[in-house]
Amino acid sequence: MQKIMWIFFLVCQVFSPVYGLDVEIDQSEIQAKLEAKFPVKKTKGPFWIKLENPKSLLVSKTNQMGLTADMSFQLLSGARSGTIELLGEPTYDSSTGKIFLDEIKMSRFTVENGREDEVYLLKKLLKKALKKKLKRVKLYELKSDELKGQMLKAFLKGIRVDQKAVVMELGY
């Protein structure tokens, strides 16, 4: 098995610049996995918030990825709607073989017809919840029992966000 991995490594080093042997996760694949996890609704007493219609975002300029989603929620003054955008940076943990989305932040938050004090309070509560709940979200785990996972785990150099895909760069 170790011989196969070294052969793969040599092939990657020789042909990677020519044939681009980096592994890509296409935005449509990311979108499909994202849609499977929505809608999301959380309730606390008489208040609730619901996120739906997610759209994956890939921002190559800042090497970030995330999502934008429609949101509806119940406040003291009634039901409201708006949008939220979350962005974070994909990172690879070589000790576990897992890819995470780290430092997730709310980059955009809009509310239609909301009172300024309620919108401020909701935004503050959401930021606090995001900091606690979304500090590090697992995106992908390289499977050690599969040859592809072993190869990626051994030779994964870094992760880059392109306009249409997340690219796992192979190297040594």
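Just so you know, all these numbers are worked out from the coordinates, no wet-lab data involved. Computed from a predicted model, the values in this text were never measured in an experiment. For neighbour counting, all protein chains shown are included, and Cβ atoms are generated from backbone atoms with ideal geometry for every residue, glycine included.
Some notes on this structure:
- Considering every alpha-carbon pair of the stretch 77-172, the percent of pairs per 10 Å bin, from zero through the bin containing the longest distance, is 14, 34, 24, 17, 9, 2.
- Full-extension gain in nm, residue 103 to residue 131, via 0.36 nm per residue minus C-alpha separation: 9.3 nm
- MRE, 222 nm, helices only [DSSP H, n ≥ 4, -39500 (n - 2.57), over the chain, to nearest 500]: -10000 deg cm²/dmol
- As a proxy for reagent exposure, ranking 22, 117 by other Cβ atoms within 10 Å from fewest up yields 117, 22.
- In loop segments of the stretch 131-172 as defined by DSSP, the GluC sites (Glu not before Pro) with at most 15 further C-beta atoms inside 10 Å of their C-beta are 146.
- Among 76, 121, 101, the residue with the largest mean-square fluctuation in a Gaussian network model of the chain, with springs joining Cα atoms closer than 10 Å, is 76.
- Here the chain is treated as a Stokes sphere of Kirkwood radius computed over C-alpha pairs; at 20 °C and 1.002 mPa s its diffusion coefficient rounds to 118 µm²/s.
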